[in-house]
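The values are calculated or read from the model by the stated rules, or taken from the named source; none is laboratory data. It should be emphasised that the depicted structure is a prediction, and the values quoted were computed from it without experimental measurement. Cβ: placed from backbone, ideal geometry, glycine included. Neighbour counts: every protein chain shown. Side chains included, ligands, DNA and RNA excluded: accessible areas come from the protein's heavy atoms. Shrake-Rupley method; radii C 1.70, N 1.55, O 1.52, S 1.80 Å.
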Amino acid sequence: MLRFYLIICLLFALDCLLYFFKEISFRGYYSDVVVFWLWLILSFVVIIIFWKKLLAKLLLASIVVTLVLSIVAMMIPFFAIVLSTTSLGLYKNKDLNEKYRAQIVGYSAMTPPWFEVIEKKGLIEKRIFHCTDYQIMNNNLDMKIRTAKDIIFKNETDSTLTLTLFYGGPNKTLTFNKDTGNILQIKNN
């Protein structure tokens, strides 16, 4: 049991570090969520099994203190934890093709959701593009990322990817550079 828990701890730590430094995560939105909840549940199982040990009590204290501290600071870190480890932070998730996935997510109570394009690479994924409302709004304030009904793959070249945020009325077509992640063109159509 302890070996399995340590493997999950290492997997969870690796997932956090890779995403923080390289924007790489496990494949799919829910894989990271499952790893977090598996780590949290196994933490409590380990605490119960090894309750007489000092390290088990320290683990429980650190989990409780972390949770309390995240709530004290206007609950901003707490909302980030809840929104990123449940489906509450996922507005839209779509497989564009076998190579790319797009999603609209929001992990903060203080900022609006953003749009991401993720490149699938086997068991892991890398975020290659993300943008916010402020980057794509232009002069139409009603076309916010969170209200998009669908994400449509248009075309791909060696260096660019073109997608359409479908709103049902006028839509936004975004072309971005795959290497830099910069928006090259925004068209309202």
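Identify the single condition in (1) farther than 21 Å from L18 by Cα; (2) of a type in the set (V, I, T); (3) surrounded by 16 or more Cβ atoms within 10 Å (Cβ to Cβ) that V117 does not satisfy, given that it satisfies every other one.
Here V117 meets the rest and fails (1).
Considering only segment 24-48, how many residues are open to solvent by less than 60 Å² (accessible area, probe 1.4 Å) and closer than 27 Å to K94 by Cα? Break it down into steps so the answer makes sense when it comes.
Within segment 24-48, the subset open to solvent by less than 60 Å² (accessible area, probe 1.4 Å) is 24-26, 28-29, 31-33, 35-36, 39-40, 42-43, 45-47.
Next, only the ones that are closer than 27 Å to K94 by Cα stay: 24-26, 28-29, 31-33, 35-36, 39.
Of the residues in that region, 11 qualify.
Name the pairs: first residue in segment 145-171 and open to solvent by 70 Å² or more (accessible area, probe 1.4 Å), second residue part of a strand (DSSP E or B) and not β-branched (V, I, T), Cβ to Cβ under 7 Å, at least 6 apart or on different chains?
R146/Y91; K149/F166; K154/L163; F166/D150; P170/N188
Report, ordered by the first and then the second residue, all pairs with beta carbons closer than 9 Å, sequence separation of six or more or different chains, a first member in segment 33-62 that is free of Cβ contacts under 8 Å to residues at least 40 places away in the same chain and among the small types (G, A, S), and a second member that is surrounded by fewer than 13 Cβ atoms within 10 Å (Cβ to Cβ) and in a helix (DSSP H, G or I).
Matching pairs, first to second residue: A56/I48.
Out of (1) aliphatic (A, V, I, L, M); (2) open to solvent by less than 10 Å² (accessible area, probe 1.4 Å); (3) under 26 Å from V82 (Cβ atoms), what's the single condition that is false for I124?
Among (1) aliphatic (A, V, I, L, M); (2) open to solvent by less than 10 Å² (accessible area, probe 1.4 Å); (3) under 26 Å from V82 (Cβ atoms), the lone unmet condition for I124 is (2).
Go through (1) within 30 Å of F129 (Cα to Cα); (2) open to solvent by 40 Å² or more (accessible area, probe 1.4 Å); (3) touching a residue at least 40 places away in the same chain (Cβ under 8 Å) and name the single condition C16 misses.
Condition not satisfied by C16: (3).
Can you report the number of residues in segment 74-96 which are aliphatic (A, V, I, L, M) and open to solvent by less than 50 Å² (accessible area, probe 1.4 Å)?
Residues in segment 74-96 being aliphatic (A, V, I, L, M) and open to solvent by less than 50 Å² (accessible area, probe 1.4 Å): 5 in total.
Mind listing whichever residues of segment 157-168 are in a strand (DSSP E or B) and either closer than 13 Å to L184 by Cβ or of a type in the set (S, T, N, Q) (or both)?
Within segment 157-168, T160, L161, T162, L163, T164 qualify.
Mind listing whichever residues of segment 49-66 are open to solvent by 80 Å² or more (accessible area, probe 1.4 Å) and of a type outside the set (V, I, T)?
Passing the criteria: W51, K52, K53, L54, L55, K57, L58.
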